[in-house]
Amino acid sequence: MIDSRTAPYAALLLRVALGALFFAHASLKLFVFTPAGTAKFFASLGLPPALAYATMAAEVIFGAALILGVYARFAALLLTPVLLGAIFTVHGPAGFFFTNPHGGWEFPAFWTLALVVQALLGDGAYALVPSLGSRRVMMSAQPAE
């Protein structure tokens, strides 16, 4: 059974944590590896270098959408292919454990699952722009009978 009194806050915490992780991940690409270096890395994987810029933009834009609660369900779903791409191109061949050289796929897989959970849970409390089709749960001061 889901506790309807606390579930919106659980979704809020998950949403903000996921958004913060994407900001951190994008910051690594932007400030440590640099956009040009990230594009070269994508090219070394056989991917179009332009995909690196699209990936960085998605991580920043949809990460902010998650933190702010702007169509958060859709932002979570749209970020899922970014992580699946990371699993299939970089982390999958490195094995399961993330401590392996080149990082395994355990963390990106869990992160992907967390995005799917966010999409299923909904926007959560304090969402600025609720996702289309989401219903706001009205909190009541009356105890449940």
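The values are calculated or read from the model by the stated rules, or taken from the named source; none is laboratory data. Owing to the predicted nature of the structure, the values given are computational and were not obtained by experimental measurement. Because the Cβ atoms are built from the backbone with ideal geometry, glycine has one as well, and the counts that use them run over all protein chains shown.
Summary of computed values
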read-out: Per-region count, region 42-85, residues part of a helix (DSSP H, G or I) and either among the β-branched types (Val, Ile, Thr) or at pLDDT below 95 (or both); value: 6
read-out: Cβ-Cβ under 7 Å pairs, at least 6 apart or on other chains, region 25-45 side closer than 20 Å to residue 64 by Cβ and without any contact (Cβ under 8 Å) to a residue 40 or more places away in the chain, far side β-branched (Val, Ile, Thr) and assigned to a helix (DSSP H, G or I); value: 26/60; 29/38
read-out: Every residue from region 103-137 that is touching a Leu at 6+ places or on another chain (Cβ under 9 Å) and among the acidic types (Asp, Glu); value: 123
read-out: Residue check for residue 89: polar (S, T, N, Q), more than 17 Å from the chain's Cα centre (by Cα) and over 27 Å from residue 9 (Cβ atoms); value: yes
read-out: Test: residue in region 95-106 that is touching a strand residue (DSSP E or B) at 6+ places or on another chain (Cβ under 9 Å) and either aromatic (Phe, Trp, Tyr) or closer than 28 Å to residue 69 by Cα (or both); value: no
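Matching residues to (1) of a type in the set (Ser, Thr, Tyr); (2) more than 19 Å from residue 128 (Cβ to Cβ); (3) crowded, with 16+ Cβ neighbours inside 10 Å:
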| residue | (1), (2), (3) |
| --- | --- |
| 16 | no, no, yes |
| 19 | no, no, yes |
| 22 | no, no, yes |
| 26 | no, yes, yes |
| 70 | no, no, yes |
| 78 | no, no, yes |
| 82 | no, yes, yes |
| 88 | no, yes, no |
| 93 | no, yes, no |
